[in-house]
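Please treat every number below as a calculation from the coordinates, not as lab data. Just so you know, these numbers come straight off a predicted model, no measurement behind them. So basically every Cβ, Gly included, is an ideal-geometry build from the backbone, and we count neighbours across all protein chains shown.
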Amino acid sequence: MTTQDDNSQKKKKTRHVPLDIRKAIVHHAKRGRTPVEIYDYLGRQPEFKDRMPSQRSVQRVVKDTLPHDTSEAWSLAQDEGPDTGLILETLAAAMEGSEGLIRHLTSAQANWIKRVRRAVPDLRPWVAYQVAVDFQKCAETKQDTSDLDAFLAFAPWRSAEHERRYDDARQKGYVPPAAHDVVLLQLELLRAWAKETGIMEGEDQDNG
């Protein structure tokens, strides 16, 4: 069981990684790049190359971001459930979003994807994949998921009004803070990805 002291140690280990670099590491890790590939790639970027943390620090951030998933690869051949279409749609989105680096989902990922997409059907498949990975990691490490639950509850991607209500709730403290800075960072990235897809630019997708 992960204790509060253990979590504090994890924070100390990654705290010296600049926030913009940590965001970039998480961004690429969730798109299927290895720590070595991330370290090499970011080290060549002009905005990062003179500030890059050690390769071991990059590895720690990736370890804190992704679940340790040893479950078998998911396949339609072994799944006759009613939500297989949701999983296949998410698999396609993950392939496209990662530019082919993600080529399959695991059984554990598929289970979380089903839970997320059943609960919030209008969440874009690629974003749903990111949320599922976050929930899987939190379940593995016994982290609090209140921030992720609130993100789905307020559904800020649906319209500018939904986004306003979500931001207002966060400012007033209705939405609990993330238990770990990595979880909060992932939440920020999810909102950034949602904005990239144009679903938080004010168009109202709320059907009431």
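Quick rundown of the values:
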| quantity | calculated |
| --- | --- |
| Translational diffusion coefficient (Stokes-Einstein; Kirkwood radius from C-alpha pairs) of segment 27-114 at 4 °C, 1.567 mPa s, in µm²/s | 89 µm²/s |
| Rough spin-label spacing in nm, given labels placed 7 Å along Cα→Cβ, for residue 71 and residue 118 | 1.3 nm |
| Backbone HN-Hα couplings from phi across segment 66-77 [Karplus 6.51/-1.76/1.60, Hz, Gly and Pro as x] | 9, x, 8, 9, 10, 6, 6, 5, 6, 8, 4, 4 |
| Calculated on alpha-carbon atoms, Rg and Dmax of segment 85-128 in Å | 9.6, 27 |
| Length added when fully stretched, residue 54-residue 99, from 0.36 nm per residue minus Cα-Cα | 13.6 nm |
| From phi via Karplus (6.51, -1.76, 1.60), per-residue ³J(HN,Hα) for segment 28-44 in Hz, x at Gly/Pro | 7, 5, 7, 10, x, 7, 7, x, 5, 4, 5, 4, 5, 5, 5, x, 8 |
| Label-point separation in nm, residue 83 to residue 174, each point 7 Å along Cα→Cβ | 2.7 nm |
| Segment 7-66: proportion of alpha-carbon pairs further apart than 15 angstrom, % | 39 percent |
| Residues 129, 174 arranged by fewest to most Cβ contacts within 10 Å | 174, 129 |
